[in-house]
Every structure is written in C-alpha cells, then in structure tokens.
Amino acid sequence: MSNSIERIRTIALVGQSGAGKTTLAEALLAKAGAIPAAGSVERGTTVCDYTPLEKQLQHSLKLAVASFDAKTNGEATRIHLLDTPGYPDFLGQSLPALAAVETAAVVINAQNGIEMMTGRFMQWAAKRGLDRLLIVNKIDADNVDLEDLLERIQQTFGKECLPLNLPAADRRKVSDCFFAPSGEADFSSVDEAHRKLVDQVVEVDEKLMEAYLEKGEVTPEELHAPLERALREGHLIPVVFASAKTGAGIAELMNIIVQLLPNPLEGNPPVYVKTAADGKTSELGAEPDPKQHALAHVFKIEIDPYIGRLAVFRVHQGRLTPGGQLYIGEGRKPIKAGHLFLLRGKTQLEVNEALPGDICAIAKIDEIQFDHVLHDSAEDAQVHARPLELPTSVFGLAVLPKKRGDEQKVSDVLHKIIAEDPCFRIEHNAQANETVMRGLGEMHLRTVLEKMSSQYKLELDTRPPSIPYRETIAARAEGHSRHKK
C-alpha cells in the first residue's frame, strides 16, 4: 500500500438510498484490482454490505470502509472509500463519514434525479468545508434525460456545478472534458464544457487568469493548484457521469479521484476544539504532518460477536504505529495501540503505520468510544473533535424480553448497539417501569430488533411508550357552585 501523504485520498459516497453507492464502490474496487470481480447487492456478494442483515434486506445499514490502492503511471494511490446508507433512518451511520474525509461524493440516481437526501448531503458537506463531487450514476437506465438532469443540478446547486465529462455513444461511455477534451458527446459540446471549466477555475487565481486571457489556454498542470483551491472554496463542484453496472465512466472516475481530488495536504484542515483551564474553548487546526504529535478521531465503533470491539479512526496529525502509546480522550492512563488495520469491508489488512489521511482500525480496546480523540501527548487531553450535528432520536418503542430472565442480556446487547450507533438510545420510564428504545424512525428501530433476533438470539415484545402523565386523579372529590345571571 502507498505510504505517502500526497498519495492518499479519502472519499465518502453519500446520497439517497437506491443511488447505487455500494455498486459504485464495487466497480471502483474491481477496476483497481482490489477484488477479482465486482460483487452484486442482489446476490449479497459486495464488499461493503457484508453483514447478514444487509445481505437479507439488500441495502446498506451501516457505514463501511473500503481501502485499496489504485495504480497509475507506476505509482500507487491509497484510496479510503466510505460507503454509507442512504435512508434518513440511518443518518447516525452516514453523517460520521463526513468527519473522516476530504471529499463528499454525492451520488445521484439518473432515473430519479435530485432527491431529498441529495440536497441535504450537499448542505452538510458544505457546512463541514468538504470538497464536493456529484456523481450521476445509472446513466445506462431507460428513459433518462441527462441533459435535463444536468440543467436541474445547476439550477438547484449553482452554476459552479460543471461536468468533467459528458455521456457519449448513447451512454455507453463518457467523453473527457478536462484532461484531454476531444470527441463527441450525447448532448452539449465537449469543447464548450472544457472552456467553462477553465473559466471557472482561473477565477480564483488572478495571475493564471491573465495568462489564460493572453494565451487562450492553460495546461492541466497549471490548473491543478487553482482547481484544488476552487474545490476547497466551493467555487467548483465537478459533475461526472457513470454507470456502475456497465462500467461506463468508471475508469474516468478513478482517474479523477487520483488526479484531481484533494490529498490531506490540499483539503480544508479539520478543526478541533481545545478547552483551557478556565473553561474557555479555542479552535485548533490539525496539521497533516507525521512529525507532529498524533491526533486521530474515532468516527465508527463496530462490535462483532467473534472479533470484539473495533474502533475505526481517521488520522489527522502525526503518525501511529503498532505498539505505540496512545491516550484516549481525557484519560490519563495510556494504552498500547496493538495491531493497526486497514479495512476492506469485513477484511482487515494489517499495516505498520498510519499517516495523516489514513483511515485505520484498532481491535479489542473497550475503553474507546465513538467520537473519542486518540492522541500521544498528555497535553492534548482537552482536545476534542468538532461536534457532529446528529439528528435527535425521537421515535420510541417500549421493549420487554419475551423470555423471563433475559433482562440483563437484553440490557447488555442494547448498550452494545448504543456504542455502535450514535443516534440510538435507551431510557427507563420509572413511572411506567418500562424500557424505551429511541431512534430516528420505524425502520431504524425495526432493524435493531432484527439484529437482536438474528445476531444475539433475543426476542422482544414491543408496544408504544406509555405517556408519563404529570397530574393524576388520586381521590374522589365533590364541589358545588351557584351560577347567577
């Protein structure tokens, strides 16, 4: 695997359910040679949907990491790809991905166009200062009007949404509009698309704009630095077309990831918050420098019945090595990192170091919780990650074990699920003497119940939560009055 910070890319695939994010991840993994062939959601053979429940339901339920190398011109680029669920009920799994990446790739189903979650993820990514890439997937589908869809994208998200390629040969391939613009497109003009891209990018660099006006053209190499700036500032939101099913545009997408998307040195730096002794807080920008003291953010916890607890984190600063000493948040007692793993779905790939930009995992350290900061200096005990704005869990179900004597086991399992899912919680209604679990919706809680049944062999009875009345009639009373006109 590549071990240069400049050769690291981190991308979260986000968007509405059904946009084809998992299938797109499969196509990229297969293109890079990380897997022999692309798997299928319908057959339950994908890298990212690896849990039995995901295979059964045929859609993503949790955030999955797929790390792999893409080789171009003899050099390997390490790509950390995060596949996320698209249903609103599972935002507790998809939103944490935005804290771990430089680029949010918002995937759009060409048949359905712009959907509710498309706009919401565009807003969330912009709020966190991420570079944004729009991927129009399923361009091979019947009855799609890609020209109209591109117009609606620009009307909805702004004129800065410009295509890096255009569908061609009746959507069987795409024509490059940036690196080497040539050929025909199914609609619009490749040359015109190239001109608009260059015009948009040079606007952020006065000297380059002057050179462009004088010469009439600039090279992709000259455009690279201002393009990265345009991406950081949201002045350019690239649009690409692809079909994960047929492979159209997949090689071009891989090239865009390697050549144009930011490495950890080029993206907007992640913001941490440091609390002083007097309680005042100040922002602290992490530096992607392996020589600095280490800062890493835990954005995912997974508890496997066989492997145990797996803490997945993004390194923002410093360098982590197996056996190195680490502190957990405000903890004063250091731990040993043990083995470090890259993840490719459920597969763990052991590595000998983790650099800024790397997404790795540590196993079997129960003290590590979601949103913890891992660091190697006691001075950073009061350093915290910028809080994630997660939705409030308001949908509730009262639960009771079907089998008497399972109360403690149910409690233990519910607390494991809480550790994995930041949008799941439980509460005890003392007045009604009932346990209530709360999530983001009916599908969210139904999935929890199915997981408890299939993975932990626990069956629960459910009912709507009791209403905790604050005033109760406690005794009979009688009153008299006289009404005068």
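Coordinate-derived values only; no laboratory data. Values in this document were obtained by computation on a predicted structure and should not be read as measured data. Here the Cβ positions follow ideal geometry from the backbone for every residue, glycine too, while neighbour counts run over all protein chains shown.
Observations, loosely collected:
- Annotation: the antiparallel percentage among DSSP beta bridges lying fully within the chain is about 75.
- Shape call, region 395-463: gyration tensor on alpha carbons, a/c limit 1.5: rounded
- FRET efficiency, GLU434 to GLN325 (Cβ-Cβ, R0 45 Å, nearest 0.05): 0.50
- Candidates per trypsin sites (Lys or Arg not before Pro) in region 371-457, loop by DSSP, up to 16 other Cβ within 10 Å: LYS402, LYS403, ARG404, LYS457
- Region 61-160: trypsin sites (Lys or Arg not before Pro) in DSSP loop, at most 14 other beta carbons within 10 Å: LYS159
- Förster radius 45 Å - calculated FRET efficiency between GLU442 and GLU350, Cβ distance, rounded to 0.05: 0.65
- Using 0.36 nm per residue and subtracting the Cα-Cα separation, the extra length available between ASP69 and GLU147 on full extension is 24.7 nm.
- FRET efficiency for the GLN111 to GLU450 pair, using the beta carbon distance and R₀ = 41 Å, is estimated at 0.90.
- Fully extending the segment from ARG404 to THR246 would add 51.6 nm, taking 0.36 nm per residue of separation and subtracting the current Cα-Cα distance.
- Amide H to amide H, with H built 1.01 Å from N, ASP289 comes under 5 Å of GLY318, counting only residues 5 or more places away or on other chains.
- Annotation note: GluC sites (Glu not before Pro) in region 197-296 located in DSSP loop regions with a Cβ neighbour count of at most 13 within 10 Å are GLU217, GLU233.
- Here region 5-259 is treated with +1 on each Lys and Arg Cβ and -1 on each Asp and Glu Cβ, and its dipole about the Cα centre works out to around 1000 debye.
- Listed values [x] 22.6, 84; [y] 23.2, 66; [z] 25.3, 99 include one computed from this model; for Rg and Dmax of the Cα atoms in Å that value carries the label [z].
- Dipole-positive endmost among ILE418, GLN408, VAL436 within region 395-463 (Cβ charges, Cα centre): GLN408
- Cβ-placed point charges (K, R +1; D, E -1), dipole of region 271-385 about Cα centre in debye, nearest 20: 240 debye
- Distance from the C-alpha centroid of region 240-281 to that of region 139-176: 22 Å, rounded to the whole angstrom.
- The magnitude of the dipole of the chain, with charges of +1 and -1 set on the Cβ of Lys/Arg and Asp/Glu and taken from the Cα centre, is near 2320 debye.
- With 20 Å as the limit on Cα-Cα distance, the pairs of LYS55/LYS402; LYS300/LYS333; LYS409/LYS451 that go past it are LYS55/LYS402; LYS300/LYS333.
- With each label modelled as a point 7 angstrom along the Cα→C-beta vector, the GLN154-LYS333 pair spans 6.1 nm.
- By the helix-only formula, in which each DSSP H run with n ≥ 4 contributes -39500 (n - 2.57) and the sum is divided by residues, the chain has a 222 nm mean residue ellipticity of -7500 deg cm²/dmol.
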